[in-house]
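Notes follow the structure.
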Amino acid sequence: MKKYKALLFLLISITSFSQELNKDCEVIEQKVIEWRRDFHQNPELSNREFETAKKIAKHLKSLGIETQENVAKTGVVGILKGKKTGKVLALRADIDALPVIERNDLSFKSNVKSTYLGKEVGVMHACGHDTHIAILMGVAEVLTKNKDKINGTVKFIFQPAEEGAPEGEEGGAELMVKEGVLKNPDVDAIFGLHISSGQDVGTITYKPGGIMAASQTFRIKVKGKQSHGSRPWASIDPIMISAKIIDALQTIISREVDLTNEGAVITVGKIDAGVRSNIIPESAEMIGTIRTLDYGMQKQINDRMKEMVPAIAKSYRAEATIEIEKGYPITYNNIELTKQVLPTLQNVAGKENVHLIKAITGAEDFSFFQKEIPGFYFFLGGKTIGNNNPYPHHTPDFQIDESGMLLGVKTMTQLTLDFLNN
């Protein structure tokens, strides 16, 4: 009987605390929205998030959190210690914006201009990183208020350059890992989220194992022979040869890799060749992306591309080279960790609002953290219910329903407490 009463008391205490925690999150919702709007109106490109970082650091310091600045150039890290020693959990938010001109009528629309690859560009939080920053700042505030209930340590990682460092620079999660962000204290696991403009507010989606693809960039250079456009027989046409190469690359996907295993994509995104209509140029250059969800398939595709490109060019009396960058790894959710956190997701969002999804071919440099330690990454709904035509990420019209951010604060907060205290 005593054991039953003790168990009942513990259950009542947990329920009471959950209600108290829920209230703490709701109290700061408007503050989270205001932070998001400020970041949205004042976006900064990768490795240039100077003012963004200052605002984050100021907030963490105001909470009494140990704060490290200039991590991986412009990153900010906060360390919050609980009442007892224990495990160390990292929570990550990416903080950079994109070279996109915003096109909407929001009162906090970005009108910021900057320079990208030598050109003047608009700057916009066109992927929702502004919401990620605000959510994690909110989580930091709630957990600080409840730090006497934390057994262990929380490391808040505000990461720059998720969209990729400028040409010739290092950055992002890979540089953070290189600089030791997962050390001192050593992190046991890491959680991250991404808001989705195509997913209903109030919902969470997840997948154990590979949830997002590995991403590689490739560059192909074709060298031919220049001639007048009226005398193609006197040329070795690099544009025509490029077309043959592009066509052949797609047969690797359609005829060589086993797509019943995992999905894969090869896309040529840019071709640069020629100067005018009546000149067949001497050379052409292509760049593109490879997306894979299996490392064996990645190697197979890389090997075949390296074989195929110079061989096709040679068959037309040209020369071609191909370079394939290492790129981002697969965003891989640790299987056991996913099982462990699923009940928390269902408890906070409601079981009916947590959905298992298939892997997507987008990529995330959160994967560099997951290569080092167990990690869990999930998607948070940011689409107004009933909106059947949401604007995609990375577009000028991209928008997020701010009411979805509260669930992000609640979920990350509860995930932290459940992981550290159980």
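Looking at this structure, is S110 open to solvent by less than 10 Å² (accessible area, probe 1.4 Å) and either under 11 Å from L45 (Cβ atoms) or of a type in the set (S, T, N, Q) (or both)?
When the stated conditions are applied, S110 passes them.
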Practice prompt. Would you mention how many residues in region 294-307 are open to solvent by 80 Å² or more (accessible area, probe 1.4 Å) and not charged (D, E, K, R)?
Written response: 1
Response to the item:
Residues in region 244-284 that are out of contact with any strand residue (DSSP E or B) (no Cβ under 7 Å at 6 or more places or on another chain), β-branched (V, I, T) and in a helix (DSSP H, G or I) total 1
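Here's the yes/no breakdown for (1) open to solvent by less than 10 Å² (accessible area, probe 1.4 Å); (2) closer than 21 Å to G327 by Cα:
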{"residue": "E163", "(1), (2)": "no, yes"}
{"residue": "G168", "(1), (2)": "no, yes"}
{"residue": "A173", "(1), (2)": "yes, yes"}
{"residue": "K183", "(1), (2)": "no, no"}
{"residue": "A189", "(1), (2)": "yes, no"}
{"residue": "G198", "(1), (2)": "no, no"}
{"residue": "G202", "(1), (2)": "no, no"}
{"residue": "Y206", "(1), (2)": "no, no"}
{"residue": "F218", "(1), (2)": "yes, yes"}
Worksheet item: Within region 308-353, how many residues are touching a helix residue (DSSP H, G or I) at 6+ places or on another chain (Cβ under 7 Å), part of a loop (DSSP other than H, G, I, E, B) and buried (at least 18 other Cβ atoms within 10 Å of the Cβ)?
Response: 3
Fill in: Count of region 354-382 residues which are open to solvent by 20 Å² or more (accessible area, probe 1.4 Å) and within 22 Å of V123 (Cα to Cα)
2
Worksheet item: Taking region 383-411 as the search range and keeping residues that are out of contact with any Gly (no Cβ under 7 Å at 6 or more places or on another chain), within 19 Å of H125 (Cβ to Cβ) and outside any loop (DSSP other than H, G, I, E, B), which one is most open to solvent (accessible area, probe 1.4 Å)?
Response: S403
Worksheet item: Can you name the number of the only condition in (1) assigned to a helix (DSSP H, G or I); (2) within 23 Å of the chain's Cα centre (by Cα) that E26 fails?
Response: (2)
Fill in: Within region 44-98, tally of residues that are in a helix (DSSP H, G or I), touching a strand residue (DSSP E or B) at 6+ places or on another chain (Cβ under 6 Å) and surrounded by fewer than 24 Cβ atoms within 10 Å (Cβ to Cβ)
3
Item to complete: Could you check how many residues of region 134-146 are in a helix (DSSP H, G or I) and more than 18 Å from G381 (Cβ to Cβ)?
Response: 7
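Does region 183-202 contain any residue that is farther than 26 Å from D130 by Cβ, without any contact (Cβ under 8 Å) to a residue 40 or more places away in the chain and not polar (S, T, N, Q)?
To start, the set of residues in region 183-202 that are farther than 26 Å from D130 by Cβ comprises 183-186, 188.
The next check asks that each one be without any contact (Cβ under 8 Å) to a residue 40 or more places away in the chain; those that pass are 183-184.
Those left that are additionally not polar (S, T, N, Q): 183.
Yes, region 183-202 contains at least one residue that is farther than 26 Å from D130 by Cβ, without any contact (Cβ under 8 Å) to a residue 40 or more places away in the chain and not polar (S, T, N, Q).
The values are calculated or read from the model by the stated rules, or taken from the named source; none is laboratory data. Not measured: the values here are computed from a predicted model. For neighbour counting, all protein chains shown are included, and Cβ atoms are generated from backbone atoms with ideal geometry for every residue, glycine included. Surface areas here come from the heavy atoms of the whole protein model, side chains and all, with no ligands, DNA or RNA. Shrake-Rupley method; radii C 1.70, N 1.55, O 1.52, S 1.80 Å.
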